[in-house]
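A.B. asks: Here it is, the structure in full.
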Amino acid sequence: MDTEEFRKHGHELIDWIADYFGNIRDYPVKSKAGPGDVFGQLPDSPPDNPESFDNIIDDFRDIILPGITHWQHPSFMAYFPANSSPPSVLAEMLTAAIGAQCMIWQTSPAAAELEERVMLWLRDMIGLPQEFSGVIQDTASTATLCSILTAREKKMSFTSNRKGLTDSSRFRIYCSSETHSSVDKAVRIAGLGSDNIQRISVRDDFSMDHDHLRKTIEPDINNGYEPLCIIATLGTTSSTAIDPLESIGKIAKEYGIWLHVDAALAGTALLLAEYRWMTKGIELADTFVFNPHKWMFTNFDCSAYFVKDESALIRTFEILPEYLKTSEATPVKNYRDWGIQLGRRFRALKLWFVIRSYGVNGLRTKVRHHLRLAHDLLKQIKEHPKFEILAPVPLNLICFRYKPNGITDEAELEKINSTILTRINDTGELFLTHTKLNGKYAIRIITGQTNVEQQDVDNAWELVKRIAGEVISS
């Protein structure tokens with residue numbers, strides 16, 4: 001493809017993307033493709049000769065697009081949002097065009113220095129203490145792994161990277177029973193063993209019970225274990241419960257335990273002063289992560305990881321072969337030493353575009369709008385005699401179920417609500433997911449997609465009520 005062909009097809013794709021943004025409500029939010037539908041339409045072998053770009057795009061429309069679940073659809077109210085926005089998409093185009101490998105300062109000074117500046121902006125925007133510095137990771141899962149590895153190395157005086165793990169089975173990691181499964185994966189990768197994860201019970205609001213945390217740590221110490229790390233969550237996956245950070249932080253400080261805070265979704269709400277209560281005690285944490293690629297309109301992947309002791313992070317990950325040595329006279333940030341990846345994308349550009357395009361006040365306005373939509377819907381669900389709220393709603397996620405009069409058997413209620421959820425998703429008009437809370441099957445709905453509006457929430461609620469009525473009468 002020469003430059004002129006690129007220009008022609010590039011304009012066509014920009015037009016398609018603009019139309020996609022404008023007409024996205026016309027698509028079924030959840031793909032109706034079945035297993036193997038897409039695979040079966042793809043040739044067994046790659047082409048021997050070049051194919052026209054027009055044919056490739058035709059196949060994109062005819063084969064790929066029907067198999068896409070549209071995460072940017074305003075009626076995507078499942079899981080958590082993975083948001084995009086026009087300025088973020090445009091920045092990604094520039095990132096792809098430049099194709100920079102941003103492993104060290106020398107490979108693209110602007111990439112390193114923009115990342116440093118944008119992370120300072122972000123730190124101040126969400127009210128973190130000045131002693132934190134930041135780096136962009138791909139996901140919160142990676143950030144949690146980085147935190148646990150740093151905790152391990154610091155506890156072992158930075159010897160395990162060199163000598164290996166000779167007795168890692170003595171370390172304990174503490175998190176609530178509602179903590180994200182990425183903690184399990186990180187503990188396994190770190191060589192600490194998932195058997196050494198201590199699940200702390202939760203309170204009625206599904207947040208960590210700090211009294212149980214203390215009662216778990218003390219016997220561990222008495223039995224010869226060494227508490228290594230506590231994972232506190234602001235916005236748990238099932239219900240967005242907020243762990244009591246200050247109480248947990250005081251326990252961590254008392255026992256000399258590393259504290260990591262996972263605020264993957266909820267961190268965006270810290271743009272709002274009225275939500276800073278969630279981070280009371282944040283000065284006691286060692287690391288903190290949240291995902292602008294969830295609820296801050298910056299497309300995947302972009303995870304903001306903040307550390308109090310950047311030297312410990314660098315000592316954990318720094319490797320300096322001869323071919324990567326540079327001669328800068330002034331200290332610079334080589335972000336390849338701030339995480340697992342050596343190769344790094346220019347992620348800071350899209351975050352910069354988004355922050356500047358919306359402005360901090362514009363971001364706050366959208367987040368408040370999403371929260372208001374959720375709490376207005378919450379009121380309607382509470383007022384309906386046949387629906388039940390199953391968890392507190394501190395943010396924009398509601399966990400609820402249909403509970404017809406006279407039905408109390410949990411197995412029957414699960415069957416009813418599972419059927420309701422399946423039929424809702426089969427319509428293609430709305431996509432929701434479920435969880436279980438205290439053994440109760442709950443339908444989850446979240447108002448966080450970039451362009452969700454009142455009409456989308458109203459349509460969702462009407463559809464839920466209609467399908468529920470059809471299920472119970474069938």
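A.B. asks: Looking at 101, 72, 106, which one is surrounded by fewer than 18 Cβ atoms within 10 Å (Cβ to Cβ) and assigned to a loop (DSSP other than H, G, I, E, B)?
C.D. replies: 101
A.B. asks: Then there is this: Restricting to segment 31-44, and then to whatever is of a type outside the set (Gly, Ala, Ser) and exposed (fewer than 12 other Cβ atoms within 10 Å of the Cβ), can you tell me which residue is farthest from residue 452 (Cα to Cα)?
C.D. replies: Step by step, filter segment 31-44, then rank; the result is 44.
A.B. asks: Another question about this same structure. Which residues, taken from segment 32-69, are in a helix (DSSP H, G or I) and of a type in the set (Lys, Arg)?
C.D. replies: 61
A.B. asks: Here's another thing I want to ask about it. Checking residue 29 against (1) touching a helix residue (DSSP H, G or I) at 6+ places or on another chain (Cβ under 7 Å); (2) in a loop (DSSP other than H, G, I, E, B); (3) of a type in the set (A, V, I, L, M, F, W, C): exactly one of these is not met. Which one?
C.D. replies: (1)
A.B. asks: Here is a further query. Answer yes or no: is there a residue in segment 295-306 that is within 19 Å of residue 393 (Cβ to Cβ), in contact (Cβ under 8 Å) with a residue 24 or more places away in the chain and buried (at least 24 other Cβ atoms within 10 Å of the Cβ).
C.D. replies: Yes: segment 295-306 contains one or more residues that are within 19 Å of residue 393 (Cβ to Cβ), in contact (Cβ under 8 Å) with a residue 24 or more places away in the chain and buried (at least 24 other Cβ atoms within 10 Å of the Cβ).
A.B. asks: Can you tell me how many residues in segment 38-56 are within 37 Å of the chain's Cα centre (by Cα) and not small (Gly, Ala, Ser)?
C.D. replies: Result for segment 38-56: 11.
A.B. asks: Further question: Being surrounded by 10 or more Cβ atoms within 10 Å (Cβ to Cβ) and free of Cβ contacts under 8 Å to residues at least 24 places away in the same chain is the filter here; which residues of segment 1-12 pass it?
C.D. replies: 6, 7, 8, 10, 11
A.B. asks: Give 81, 28, 47 a once-over and let me know the one that is surrounded by fewer than 13 Cβ atoms within 10 Å (Cβ to Cβ) and at pLDDT below 95.
C.D. replies: Among 81, 28, 47, only 47 is surrounded by fewer than 13 Cβ atoms within 10 Å (Cβ to Cβ) and at pLDDT below 95.
A.B. asks: If I filter segment 289-298 for residues that are among the aliphatic types (A, V, I, L, M) and more than 22 Å from the chain's Cα centre (by Cα), do I get at least one hit?
C.D. replies: No, every residue in segment 289-298 fails to be among the aliphatic types (A, V, I, L, M) and more than 22 Å from the chain's Cα centre (by Cα).
A.B. asks: Mind listing whichever residues of segment 43-102 are among the small types (Gly, Ala, Ser), closer than 23 Å to residue 264 by Cβ and out of contact with any strand residue (DSSP E or B) (no Cβ under 6 Å at 6 or more places or on another chain)?
C.D. replies: Those that are among the small types (Gly, Ala, Ser), closer than 23 Å to residue 264 by Cβ and out of contact with any strand residue (DSSP E or B) (no Cβ under 6 Å at 6 or more places or on another chain): 75, 82, 84, 85, 88, 91.
A.B. asks: Determine whether residue 202 is among the aliphatic types (A, V, I, L, M), touching a residue at least 12 places away in the same chain (Cβ under 8 Å) and within 18 Å of residue 278 (Cβ to Cβ).
C.D. replies: Against the criterion (among the aliphatic types (A, V, I, L, M), touching a residue at least 12 places away in the same chain (Cβ under 8 Å) and within 18 Å of residue 278 (Cβ to Cβ)), residue 202 qualifies.
A.B. asks: While we're on this one: Of everything in segment 315-349, what is modelled with pLDDT of 70 or more and among the charged types (D, E, K, R)? Give them in sequence order.
C.D. replies: Correct list: 315, 318, 333, 336, 337, 344, 345, 347.
A.B. asks: Still on this structure, please answer the following. Could you list, in sequence order, the residues of segment 252-275 that are basic (Lys, Arg) and either surrounded by 24 or more Cβ atoms within 10 Å (Cβ to Cβ) or in a loop (DSSP other than H, G, I, E, B) (or both)?
C.D. replies: Passing the criteria: none in range.
A.B. asks: Filter segment 192-235 down to the residues that are over 21 Å from residue 144 (Cα atoms) and among the hydroxyl-bearing types (Ser, Thr, Tyr), then identify the one that is modelled with the lowest pLDDT.
C.D. replies: My answer is 225.
A.B. asks: Just wondering, is there one or more residues in segment 152-172 that are closer than 20 Å to residue 263 by Cβ and of a type outside the set (A, V, I, L, M, F, W, C)?
C.D. replies: Scanning segment 152-172 turns up no residue that is closer than 20 Å to residue 263 by Cβ and of a type outside the set (A, V, I, L, M, F, W, C).
A.B. asks: If you don't mind, there's one more thing I want to ask. Does segment 418-450 hold any residues that are closer than 26 Å to residue 235 by Cα, surrounded by 16 or more Cβ atoms within 10 Å (Cβ to Cβ) and of a type outside the set (A, V, I, L, M), and which are they?
C.D. replies: Result: 425, 431, 434, 435, 440, 441, 444, 447, 448, 449, 450.
The values are calculated or read from the model by the stated rules, or taken from the named source; none is laboratory data. All values derive from a computational prediction rather than experimental measurement. Positions of Cβ are generated from backbone atoms using ideal geometry, with glycine treated the same way; all protein chains shown enter the neighbour counts.
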